[in-house]
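Trainee: Got a structure here, written out as structure tokens. Questions coming.
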Amino acid sequence: MSTTTDAAGTAGKASHPKDRPWVMRTYAGHSTAEASNALYRTNLAKGQTGLSVAFDLVTQTGYDPDSPMARGEVGKVGVPIPHLGEMRKLFDQIPLIEMNTSMTINAVAMWMLAMYQVVAEEQNPEMEPAEVAKLLSGTTQNDIIKEYLSRGTYVFPPEASLRLIADMIAYTVNYIPKWNPINICSYHLQEAGATPTQELAYALCTSIAVLDQVKNSGQVSDEDFEKVVGRISFFVNAGVRFIEETCKMRAFTELWDEIAQERYGVQDAKMRRFRYGVQVNSLGLTEAQPENNVQRIVLEMLGVTLSKNARARAVQLPAWNEALGLPRPWDQQWSLRLQQVLAFESDLLEYDDIFDGSHVIEAKVAELKEGARAEMDRVQAMGGAMGAVDYMKSELVSSHARRRARIEAGDEIIVGVNKYETTEPSPLTANLDEAIMTADPKAEEAARGSVEAWKAQRDETEVAEALARVTEDAKSGANLMQATLAAARAGATTGEWAATLREVFGEFRAPTGVSGAVGVAAAGAELSAVREAVRTTGEELGGRLRLLVGKPGLDGHSNGAEQVAVRARDAGFEVIYQGIRLTPEQIVAAAVAEDVHCVGLSILSGSHMELVPAVIEGLEAAGMGDVPVIVGGIIPDSDGKALLESGVAAVYTPKDFGLTEIMGGIVEVIRKANGLS
């Protein structure tokens, strides 16, 4: 493409008008609806062009703040929305019919969409509800299969979950045509260890499972099914290997076009477009030398923006300090400005696809497509994504274990972590407690009070009738969206709606992937030494060392716990790992039943100061106060010191990347607790 040169000798504009930039979002929400609303309005004033709502784990897993399961979790990783009143506060002074809103919500996505729609109707009383619905645009994540595989905020069993998704898709296609009812989400697959090939294959198999479910439900006519395919969107990850990530996105677009055309007969090219949003890799951000995360974020953004034909429709970037804790508004602003500089200062949007015709890119895309097709065939032969959950989970855990081993061996370099570790003091982290934001410690109390006040003013008879309709429609197979809207208008709570469906559908526990995972293929000198220490210590204590790995609270990010469990097994421990979402009481009961030598707790949600003491107190009450407790997670330095002072034997954070070294530390902790030299 030709350019001209002006008198100053600078390159002129490219020959076509500058493309419109992608939607710019920041994933945000914390403490209370009021605090989150203020943050949203501030971010919009800074040039953000869409909203991305982070809900707390209590909301995501279908509980109210007054549930015993909510202990320590309210407002920690997002905003609590237990009822319509809080949804009103969340979007106060934000005109929803003009907004593009993404909601990271899965198991209770139908409930959140219903409350969002009702608030939009209330904001526009002069319009008919149907008119309001047609103007709403945004996305609900609503991909439950990846929750089983990686993120852990599932509630209901697979069949019931797919039914809820199909009901939402059928409803939105007919009533909210600008809404993306599902984001097939490969983002968390990559964070759980997926290679690009696995990310492509597992996400596309998920899309097939969802589309087949909608088609078989009979809720959408054959003539309208193209619209269903056209509203399917994706949410992807982008790692620092941005050339490979660019090729992955081009492979996604080509494979999706094939599936839409060949499997579903979609003829309209617009309806076959691969539409996706992205958040670049958060778990790849480091606690060590966190200033390096800024360049990582920029490079990762290039992987989803450089190729015009595979460019993201919406981008949200993490903040540089997310490995340390909750980002401050200034940190989020920095990430937004990264997007704005690329979109508005650079010439990226002035050119057609700069990779078209590149033999290197074409060859890599072809390689990824070939590998993805082969893996898709394996999954489909097992009955599709739902039938292959155990297989995919085990593959992800094994893949993650191989990557961890490469990092520990120095074969995969992480600057500031396993190489170039010498550093000058950073002014950004001179005061670690001020380098992050702390969630409001009174958020849980405020949320409990909100639910109490909400229930006091509502019509209980109306609520009971609405929830009875939810039960009836759930049992009959009717589309649940209308009953859910009625429950939202009546004043039911998030926990009540979810509990009603729990009664009908039951609950589900996903596979951990640990038992079938392949760990370290060959033991080096370090692992061999730890194995010997585990063996000899076990002999001194009269049996094999038993380690309980526990995930207390609602935190579903189990990648770290799974890798600890796999490496502990490789080191010779007998490992007890029962998966996610356990109460402190359940963990204590397991420790007693298995007569363990050490309890390891993994918490990434920020609830460590509430949940860890509860486990320690429970062990003491059960007569096991001499069993050492170790803790791992995103734990600020001051909290780590407080935990050690309260009796925790060791605290590990993301900077402690050497799993074999951690295993050696666990042996030392056990020996010290038992008075061994």
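Trainee: Sort out which residues of segment 224-262 are closer than 21 Å to Pro318 by Cβ and either of a type in the set (S, T, N, Q) or not assigned by TED's automatic domain parsing to the domain that holds Ser150 (or both), and write them in order of number.
Mentor: Once the filter is applied, which keeps residues that are closer than 21 Å to Pro318 by Cβ and either of a type in the set (S, T, N, Q) or not assigned by TED's automatic domain parsing to the domain that holds Ser150 (or both), segment 224-262 yields Ser233, Asn237, Thr246.
Trainee: Restricted to segment 54-91, and to residues that are hydroxyl-bearing (Ser, Thr, Tyr) and under 16 Å from the mean Cα position of the chain (by Cα), which residue is surrounded by the most Cβ atoms within 10 Å (Cβ to Cβ)?
Mentor: Kept after step one, since they are hydroxyl-bearing (Ser, Thr, Tyr), are these residues of segment 54-91: 59, 61, 63, 67.
Of the ones still in play, those that are also under 16 Å from the mean Cα position of the chain (by Cα) are 59, 61.
Working: Thr59: 33, Thr61: 26.
My answer is Thr59.
Trainee: Only one residue in Val463, Val417 is crowded, with 17+ Cβ neighbours inside 10 Å, without any contact (Cβ under 8 Å) to a residue 40 or more places away in the chain and not aromatic (Phe, Trp, Tyr), so which one is that?
Mentor: Working: Val417 fails: without any contact (Cβ under 8 Å) to a residue 40 or more places away in the chain.
Sole residue among the options that is crowded, with 17+ Cβ neighbours inside 10 Å, without any contact (Cβ under 8 Å) to a residue 40 or more places away in the chain and not aromatic (Phe, Trp, Tyr): Val463.
Trainee: Another question, then. When both residues are 6+ apart or on different chains and their Cβ atoms are under 6 Å apart, which pairs have a first residue that lies in segment 260-282 and is farther than 18 Å from Leu211 by Cβ, and a second that is at pLDDT below 95 and among the acidic types (Asp, Glu)?
Mentor: That search, which allows pairs on different chains as well, returns Ser282/Glu322.
Conditions tested, residue by residue: (1) outside the structural domain of Ser605 (by TED's automatic domain parsing); (2) over 21 Å from Leu326 (Cα atoms); (3) not in a loop (DSSP other than H, G, I, E, B).
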residue: Val53; (1), (2), (3): yes, no, yes
residue: Met69; (1), (2), (3): yes, yes, yes
residue: Val74; (1), (2), (3): yes, no, no
residue: Glu86; (1), (2), (3): yes, yes, yes
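Trainee: Among Val631, Val669, Val615, which is the only one that is of a type outside the set (Asp, Glu) and out of contact with any helix residue (DSSP H, G or I) (no Cβ under 6 Å at 6 or more places or on another chain)? Working first, answer last.
Mentor: Numbers: Val631 fails: out of contact with any helix residue (DSSP H, G or I) (no Cβ under 6 Å at 6 or more places or on another chain); Val615 fails: out of contact with any helix residue (DSSP H, G or I) (no Cβ under 6 Å at 6 or more places or on another chain).
Going through Val631, Val669, Val615 in turn, just one is of a type outside the set (Asp, Glu) and out of contact with any helix residue (DSSP H, G or I) (no Cβ under 6 Å at 6 or more places or on another chain): Val669.
Trainee: Determine which member of the set Glu526, Glu503, Glu496, Glu532 is acidic (Asp, Glu) and buried (at least 18 other Cβ atoms within 10 Å of the Cβ). Let's see the steps before the verdict.
Mentor: Values: Glu526 fails: buried (at least 18 other Cβ atoms within 10 Å of the Cβ); Glu503 fails: buried (at least 18 other Cβ atoms within 10 Å of the Cβ); Glu532 fails: buried (at least 18 other Cβ atoms within 10 Å of the Cβ).
So the residue among Glu526, Glu503, Glu496, Glu532 that is acidic (Asp, Glu) and buried (at least 18 other Cβ atoms within 10 Å of the Cβ) is Glu496.
Trainee: Does Leu547 satisfy being within 22 Å of Asn674 (Cβ to Cβ), in contact with a Cys (Cβ under 7 Å, 6 or more places away or on another chain) and in contact (Cβ under 8 Å) with a residue 12 or more places away in the chain?
Mentor: Values: within 22 Å of Asn674 (Cβ to Cβ): yes; in contact with a Cys (Cβ under 7 Å, 6 or more places away or on another chain): yes; in contact (Cβ under 8 Å) with a residue 12 or more places away in the chain: yes.
For Leu547, the condition - within 22 Å of Asn674 (Cβ to Cβ), in contact with a Cys (Cβ under 7 Å, 6 or more places away or on another chain) and in contact (Cβ under 8 Å) with a residue 12 or more places away in the chain - is met.
Rundown of residues vs (1) crowded, with 22+ Cβ neighbours inside 10 Å; (2) of a type in the set (D, E, K, R), yes/no style:
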{"position": "Arg241", "(1), (2)": "no, yes"}
{"position": "Glu245", "(1), (2)": "yes, yes"}
{"position": "Phe252", "(1), (2)": "yes, no"}
{"position": "Lys270", "(1), (2)": "no, yes"}
{"position": "Val280", "(1), (2)": "yes, no"}
{"position": "Glu291", "(1), (2)": "no, yes"}
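Trainee: What tally of residues in segment 549-599 results from selecting those that are of a type outside the set (A, V, I, L, M), closer than 24 Å to Leu283 by Cβ and within 23 Å of the chain's Cα centre (by Cα)?
Mentor: Within segment 549-599, the first condition is being of a type outside the set (A, V, I, L, M), and the residues that meet it are 550-553, 555-560, 562-563, 567, 569-570, 572-574, 577-579, 581, 583-586, 594-595, 597-598.
Now drop any that are not closer than 24 Å to Leu283 by Cβ, which leaves 550-553, 555-560, 562-563, 567, 569-570, 577-579, 581.
Still in the running and within 23 Å of the chain's Cα centre (by Cα): 550-553, 555-560, 562-563, 577-579, 581.
Adding up the residues that qualify gives 16.
Trainee: Which residues, counting only those in segment 650-674, are in contact (Cβ under 8 Å) with a residue 40 or more places away in the chain, of a type in the set (A, V, I, L, M, F, W, C) and not in a helix (DSSP H, G or I)? Spell out the reasoning first.
Mentor: Here is the first cut: in segment 650-674, the ones in contact (Cβ under 8 Å) with a residue 40 or more places away in the chain are 653-655, 657-664, 666-667, 669-674.
Checking the rest, the ones that are also of a type in the set (A, V, I, L, M, F, W, C) come to 657, 659, 662-663, 666-667, 669-670, 673.
If the condition is that a residue be in contact (Cβ under 8 Å) with a residue 40 or more places away in the chain, of a type in the set (A, V, I, L, M, F, W, C) and not in a helix (DSSP H, G or I), then Phe657 is the only one that fits.
Trainee: Would you list the helices (runs of 4 or more DSSP H) that sit entirely within segment 522-625 and hold 3 or more residues that are in contact with a strand residue (DSSP E or B) (Cβ under 8 Å, 6 or more places away or on another chain) and more than 23 Å from Leu149 (Cβ to Cβ)? It would help to see each step written out before you state the result.
Mentor: Details: elements: 525-541, 559-570, 584-594, 608-621.
In segment 522-625, the matching helices (runs of 4 or more DSSP H) lie at 584-594, 608-621.
Trainee: Let me ask something additional. State all residues of segment 184-206 that are among the β-branched types (Val, Ile, Thr), outside any helix (DSSP H, G or I) and closer than 21 Å to Gly230 by Cβ; if no residue qualifies, say none.
Mentor: Within segment 184-206, Ile184 is the sole residue that qualifies.
Trainee: Would you list the helices (runs of 4 or more DSSP H) that sit entirely within segment 404-492 and hold 2 or more residues that are touching a His at 6+ places or on another chain (Cβ under 6 Å)?
Mentor: Those helices (runs of 4 or more DSSP H) do not exist here; none qualify.
Trainee: Any idea which of Asn106, Asn124, Asn100 is within 27 Å of the chain's Cα centre (by Cα) and without any contact (Cβ under 8 Å) to a residue 60 or more places away in the chain?
Mentor: On the way: Asn124 fails: within 27 Å of the chain's Cα centre (by Cα); Asn100 fails: without any contact (Cβ under 8 Å) to a residue 60 or more places away in the chain.
Of Asn106, Asn124, Asn100, the one residue that is within 27 Å of the chain's Cα centre (by Cα) and without any contact (Cβ under 8 Å) to a residue 60 or more places away in the chain is Asn106.
Trainee: Something else: I'd like to verify a number: residues in segment 301-327 that are in a helix (DSSP H, G or I) and either at pLDDT below 95 or within 15 Å of Ser282 (Cα to Cα) (or both), how many? Walk me through how you get there before you give the answer.
Mentor: Looking only at segment 301-327, we keep the residues that are in a helix (DSSP H, G or I), and these are 301-302, 308-310.
So of that shortlist, the ones also either at pLDDT below 95 or within 15 Å of Ser282 (Cα to Cα) (or both) come out as 301.
Matching residues across segment 301-327 total 1.
The values are calculated or read from the model by the stated rules, or taken from the named source; none is laboratory data. Note that the structure is predicted; figures quoted are calculated from it, not measured. A quick note on method: Cβ atoms are made from the backbone with ideal geometry, for glycine too, and the neighbour counts reach across all protein chains shown.
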